[in-house]
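The values are calculated or read from the model by the stated rules, or taken from the named source; none is laboratory data. Just so it is clear, the structure is predicted and the values come from calculations on it, not from any experiment. Ideal geometry is used to build each Cβ from the backbone, glycine not excepted, and the neighbour counts take in all protein chains shown.
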Amino acid sequence: MFKQLEAINSKPAPFEFYTAAELWTDDHTSKQMLAYHLNENIDLSSRKRAFIERSAAWIISHFGVCPGKQIADFGCGPGLYANRFAETAADVTGIDFSERSIQYARNTATEKGLVIDYIHQNYLEFDTEKQFDLITMIFCDFCALSPTQRKNLLAKFFEFLNQGGAVLLDVHSLNTFNNRSEIATYEKNQLAGFWSADDYFGFLNTFKYAEEKVTLDKYTIIEKERTRVVYNWLQYFSRETLGREFEAAGFNVETFYSDVAGTPFSEASADLAIVARKP
């Protein structure tokens, strides 16, 4: 038991482990994630409906989303943005790791008479011959990726964009990092049964990495027949650090906002959004 508790409370190196599949491909947790996506009153897997509507309207206006425009939404989930983009008759592609979310998105698009190319795939492995005018990646997905994954993904974005095409994505700011605390908690059926339909014991260890500006929520889920560990990494950014990553990938940084609804940038913001273009 002592050795098991030591393992539960051990702090790995930043981005040492990658367990995204535990959230998006497990049958039980993927149901929970989809439910969070579709809950219009909470900011968990997706933001609240009112914000999404305001954000989508701003994106459509700011980037001139219209018939003939080629749009790719990376980490599209159940299509909350992609469906709205497609209502303009733009050519929309959505890519997501969750088969359950993609199937929901496809069903919704069919019900609304929308033509959208929904692709069930890890977007880190996505490849295409299409060229896009706009790539979106919304709700701070970029923060969950390691430096190597981010570098490779930005290279893909650059390759996939038409000349003058734009990327819009949001990240957590250093303000949010500074407000995080290291904690260690334990609870039976942690997060109201999120991790399993059966009884389990859940341990959460939150670690901060001051130099790297990274946090880890490490979940250890102990069931009767198995033990799982899920690593939820988050990288936090300033305008300078985010801008450098885009510039290193060949982009021209156009501007920063406080969110993906075009709110002017504030140093006090919990998040920040970047618009960068392929020259």
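Being within 21 Å of ALA105 (Cβ to Cβ), at pLDDT below 95 and out of contact with any Leu (no Cβ under 9 Å at 6 or more places or on another chain) is the requirement here; does ALA57 meet it? Here the answer is no, as ALA57 does not meet what is asked. Tell me, please, whether a residue that is surrounded by 15 or more Cβ atoms within 10 Å (Cβ to Cβ), in contact with a strand residue (DSSP E or B) (Cβ under 9 Å, 6 or more places away or on another chain) and closer than 20 Å to ASP27 by Cβ can be found in the range 202-217. The answer is yes; a qualifying residue exists.
Conditions tested, residue by residue: (1) assigned to a loop (DSSP other than H, G, I, E, B); (2) within 20 Å of the chain's Cα centre (by Cα); (3) more than 17 Å from PHE142 (Cα to Cα); (4) modelled with pLDDT of 95 or more.
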{"residue": "ASN232", "(1), (2), (3), (4)": "no, yes, no, yes"}
{"residue": "TYR236", "(1), (2), (3), (4)": "no, yes, no, yes"}
{"residue": "GLU240", "(1), (2), (3), (4)": "no, no, no, yes"}
{"residue": "GLY243", "(1), (2), (3), (4)": "no, yes, no, yes"}
{"residue": "PHE256", "(1), (2), (3), (4)": "no, yes, no, yes"}
{"residue": "GLY262", "(1), (2), (3), (4)": "yes, yes, yes, yes"}
{"residue": "SER269", "(1), (2), (3), (4)": "yes, yes, yes, yes"}
{"residue": "LEU272", "(1), (2), (3), (4)": "no, yes, no, yes"}
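Checking each residue in the range 154-175 for being assigned to a helix (DSSP H, G or I) and in contact (Cβ under 8 Å) with a residue 60 or more places away in the chain picks out LEU154, ALA155, PHE157, PHE158, PHE160, LEU174, ASN175. May I ask you to verify whether ILE135 is in contact with a Ser or Thr (Cβ under 8 Å, 6 or more places away or on another chain) and either of a type in the set (A, V, I, L, M) or in a loop (DSSP other than H, G, I, E, B) (or both)? So ILE135 does not fit the description; no.
Does the range 55-74 include one or more residues that are of a type in the set (Lys, Arg) and either over 20 Å from the mean Cα position of the chain (by Cα) or in a loop (DSSP other than H, G, I, E, B) (or both)? Yes, there is a match, as at least one residue in the range 55-74 is of a type in the set (Lys, Arg) and either over 20 Å from the mean Cα position of the chain (by Cα) or in a loop (DSSP other than H, G, I, E, B) (or both).
Annotation note: Cβ proximity below 9 Å between a residue of the range 1-18 that is within 12 Å of LEU204 (Cα to Cα) and a residue that is assigned to a helix (DSSP H, G or I) and at pLDDT 95 or above (sequence gap 6+ or interchain) occurs for no pair.
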